[in-house]
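Peer 1: What follows is a single structure, and I will ask about it in a moment.
The values are calculated or read from the model by the stated rules, or taken from the named source; none is laboratory data. This is a predicted model, so every value here is computed, not measured. Cβ placement follows ideal geometry from the backbone for every residue including glycine, while neighbour counts extend to all protein chains displayed.
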Amino acid sequence: MSPAQAALRIDDFEDLEPALTIIVTDQNGAEHRLPAEPGWRAMEVIRDWGLNIKAECGGAAACATCHVHVDRMWADALPPPTDEEVDRLDDAFDVQETSRLSCQILLSPEMDGLRLRLAPGTER
Ligand code: FES
């Protein structure tokens, strides 16, 4: 999706009340407030709003190119990673204590305001 297409989609949402909003900092340090719905994966929201995320395997926990750093305030509020996710993070760059695969973060209403930062190596 091009940035222009993403802008069109954001305009489409102008009058809607999203169930939740996640706040994503891109690889250039720009912050984006992204409307989302429960049941979506964080990676899907980031990708579908047109941010620069590779997410090469499409959410199968097989590539680590959807790696994010979760804000410390939020890290303990998320369900813990599976062993598969932890193993896959071994393939990522700049892994930190709060690293997660965004395709493995299933959004719920309690995650309104969740803050994530796209990690290096996730660019398309
Ligand atoms: S999209 Fe490949 S591991 Fe998340």
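Peer 1: Would you say Ile105 is under 15 Å from Arg124 (Cα atoms), of a type in the set (Val, Ile, Thr) and either within 15 Å of the ligand (Cβ to nearest atom) or modelled with pLDDT under 95 (or both)?
Peer 2: It is false that Ile105 is under 15 Å from Arg124 (Cα atoms), of a type in the set (Val, Ile, Thr) and either within 15 Å of the ligand (Cβ to nearest atom) or modelled with pLDDT under 95 (or both).
Peer 1: Is it the case, given these coordinates, that Leu89 is without any contact (Cβ under 8 Å) to a residue 60 or more places away in the chain and either farther than 20 Å from Ala30 by Cβ or exposed (fewer than 13 other Cβ atoms within 10 Å of the Cβ) (or both)?
Peer 2: Yes; evaluated as a whole, the condition is true for this residue.
Peer 1: For the stretch 113-124, name all the residues that are more than 15 Å from the ligand (Cβ to nearest atom) and surrounded by 15 or more Cβ atoms within 10 Å (Cβ to Cβ).
Peer 2: Hits for the stretch 113-124 are Leu114, Arg115, Arg117.
Peer 1: In the stretch 52-75, which residues are surrounded by fewer than 21 Cβ atoms within 10 Å (Cβ to Cβ) and more than 10 Å from the ligand (Cβ to nearest atom)?
Peer 2: Across the stretch 52-75, the qualifying residues are Asn52, His69, Asp71, Arg72, Met73, Trp74, Ala75.
Peer 1: On to the next question. For the stretch 40-63, name all the residues that are among the acidic types (Asp, Glu) and under 20 Å from Arg88 (Cα atoms).
Peer 2: Those that are among the acidic types (Asp, Glu) and under 20 Å from Arg88 (Cα atoms): Glu44, Glu56.
Peer 1: Got at least one residue in the stretch 32-47 being touching a residue at least 60 places away in the same chain (Cβ under 8 Å), touching an Asp or Glu at 6+ places or on another chain (Cβ under 8 Å) and either within 16 Å of the ligand (Cβ to nearest atom) or among the basic types (Lys, Arg) (or both)?
Peer 2: no
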